[in-house]
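Worksheet: one structure, shown below.
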Amino acid sequence: MLHAVVTGATNGIGEATARRLAGAGMSVTLVGRSASRLAAARERIAAAVPRAELRLERADLAELDEVRDLVGRLRAGPPPDVVVSNAAVVAPLDRRTSDGLPRMLTTNYLAPYLLLRELAAVADRSRLVLVASDPALLAPEPVDLDDLTFARPERLGEPAELRPYHAYLRIKNMNLMFAHEFARRLASSATTVNACHPGMIAGTGLGGEAPGIGPFIMQAYQDGTLPPPSPQPSAGQDEELPGPDVGADMPVWLATSPAVDGATGGFYADRSRVELEPHTTDPQRCQQLWERSADLVGLPA
């Protein structure tokens with residue numbers, strides 16, 4: 001039986017992804033920061049997939065020590081055939097971890113960087129999937145390699161209320177740069193690394209730690225000061241956003257489809273590969289980000 005690990009698996013896209021992978025016959029390890037929410041997600045998935053083989057791992061991905069402990073527990077079990085890095089949050093930049101790092105940076109990027117590097121080291125072959133964001137929104141948000149930790153938030157521009165939005169997209173670009181560089185480093189192995197845009201999805205809880213940011217984003221879209229999102233063909237004629245089951249399509253497809261067997265280093269939306277901006281794929285920039293990220297999490301470059 002193939003083994004999958006899904007982070008952020010207690011709701012939204014992560015839970016839907018875990019359910020669909022279990023339905024495909026995989027054993028699935030659900031990773032979340034709340035034991036009670038993990039137990040509730042297991043009950044929901046088991047009700048939908050009665051023979052599901054599920055394992056729960058509690059870890060707050062904002063805390064690097066907890067990520068390291070999680071790595072140790074996962075490496076003690078069967079090597080993962082699939083890892084879906086889905087956990088993400090939008091949070092104020094002054095919300096810091098015990099390491100003094102922005103909570104959003106650690107949860108959304110440094111934890112996946114550490115987790116996927118360490119798990120890939122013990123897997124003969126696996127599919128590593130990072131859930132990213134809308135390419136139209138990512139294009140104008142190059143990573144500031146001189147300020148990965150947002151020590152100078154004024155560099156994110158004005159108004160200050162939108163800085164978490166800009167930081168979130170730059171962090172998602174870090175995920176894509178990481179995928180690009182990691183795929184290059186794993187080119188001689190059977191492990192692949194890809195990223196995807198799941199669509200604009202309702203019911204993810206993504207903005208729960210920054211509830212006041214939504215109106216500023218909508219106003220900026222209307223004013224034209226922010227680029228609009230890509231078209232959402234799956235939203236339907238009523239223009240309401242689709243739910244997590246639609247959002248799970250892309251990570252599940254990258255995790256299971258023969259169509260992408262052996263494909264690596266790509267970014268996909270609507271089951272098609274998307275070309276990225278040069279600032280996200282430039283080899284020198286990707287290598288610099290890799291090395292600085294390794295320093296932040298305590299791994300060799």
By residue number, the members of the stretch 57-97 that are within 23 Å of L206 (Cβ to Cβ), without any contact (Cβ under 8 Å) to a residue 60 or more places away in the chain, touching a helix residue (DSSP H, G or I) at 6+ places or on another chain (Cβ under 8 Å) and surrounded by fewer than 24 Cβ atoms within 10 Å (Cβ to Cβ) are E57, R58, A59, D60, E63, R96, T97
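Of the residues that sit in the stretch 6-27 and are among the aliphatic types (A, V, I, L, M) and in a helix (DSSP H, G or I), which one is nearest to V71 (Cα to Cα)? Outline the logic, then answer.
Of all residues in the stretch 6-27, those among the aliphatic types (A, V, I, L, M) come to 6, 9, 13, 16, 18, 21-22, 24, 26.
Within this subset, residues satisfying the condition of being in a helix (DSSP H, G or I) are 13, 16, 18, 21-22.
Numbers: I13: 22, A16: 23, A18: 19, L21: 21, A22: 21 Å.
Among residues in the stretch 6-27 that are among the aliphatic types (A, V, I, L, M) and in a helix (DSSP H, G or I), the one nearest to V71 (Cα to Cα) is A18.
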Return only the number of the condition from (1) of a type outside the set (F, W, Y); (2) out of contact with any strand residue (DSSP E or B) (no Cβ under 9 Å at 6 or more places or on another chain); (3) in contact (Cβ under 8 Å) with a residue 40 or more places away in the chain that M26 does not satisfy. (2)
Only unsatisfied item for D282, checking (1) under 19 Å from the mean Cα position of the chain (by Cα); (2) closer than 17 Å to P135 by Cα, is (1)
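Can you confirm whether T264 is closer than 27 Å to N11 by Cβ, hydroxyl-bearing (S, T, Y) and under 19 Å from the mean Cα position of the chain (by Cα)?
Details: closer than 27 Å to N11 by Cβ: no; hydroxyl-bearing (S, T, Y): yes; under 19 Å from the mean Cα position of the chain (by Cα): yes.
So T264 does not fit the description; no.
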Somewhere in the stretch 181-192, is a residue within 15 Å of N86 (Cα to Cα), surrounded by 20 or more Cβ atoms within 10 Å (Cβ to Cβ), modelled with pLDDT of 95 or more and not acidic (D, E)? no
Exactly one of these conditions fails for I171: (1) modelled with pLDDT of 95 or more; (2) in contact with a Ser or Thr (Cβ under 8 Å, 6 or more places away or on another chain). Give me its number. (2)
Note on the stretch 105-136: residues touching a Pro at 6+ places or on another chain (Cβ under 7 Å) and crowded, with 23+ Cβ neighbours inside 10 Å are S126, V129, L130, V131
Residues that are of a type in the set (A, V, I, L, M, F, W, C): list the helices (runs of 4 or more DSSP H) wholly contained in the stretch 190-301 that include at least 2 such residues. 213-223, 249-256, 283-297
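Name the residue that is surrounded by the fewest Cβ atoms within 10 Å (Cβ to Cβ), counting only residues in the stretch 19-34 that are closer than 22 Å to N108 by Cβ and out of contact with any helix residue (DSSP H, G or I) (no Cβ under 6 Å at 6 or more places or on another chain).
S34
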Tally up the residues in the stretch 242-298 that are in contact with a helix residue (DSSP H, G or I) (Cβ under 9 Å, 6 or more places away or on another chain), loosely packed, with under 15 Cβ neighbours inside 10 Å and within 22 Å of T106 (Cα to Cα), please. 1
List the pairs whose first member sits in the stretch 282-301 and is under 21 Å from E63 (Cβ atoms), whose second member is open to solvent by 80 Å² or more (accessible area, probe 1.4 Å), and whose Cβ atoms are under 8 Å apart, counting only residues at least 6 apart or on separate chains? A294/P300
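The values are calculated or read from the model by the stated rules, or taken from the named source; none is laboratory data. Remember, it's a predicted structure, so these values are computed and weren't measured experimentally. Cβ sites come from the backbone with ideal geometry, for glycine too, and all protein chains shown count toward neighbours. These area figures cover heavy atoms from the full protein model, side chains too; ligands, DNA and RNA do not enter into them. Shrake-Rupley method; radii C 1.70, N 1.55, O 1.52, S 1.80 Å.
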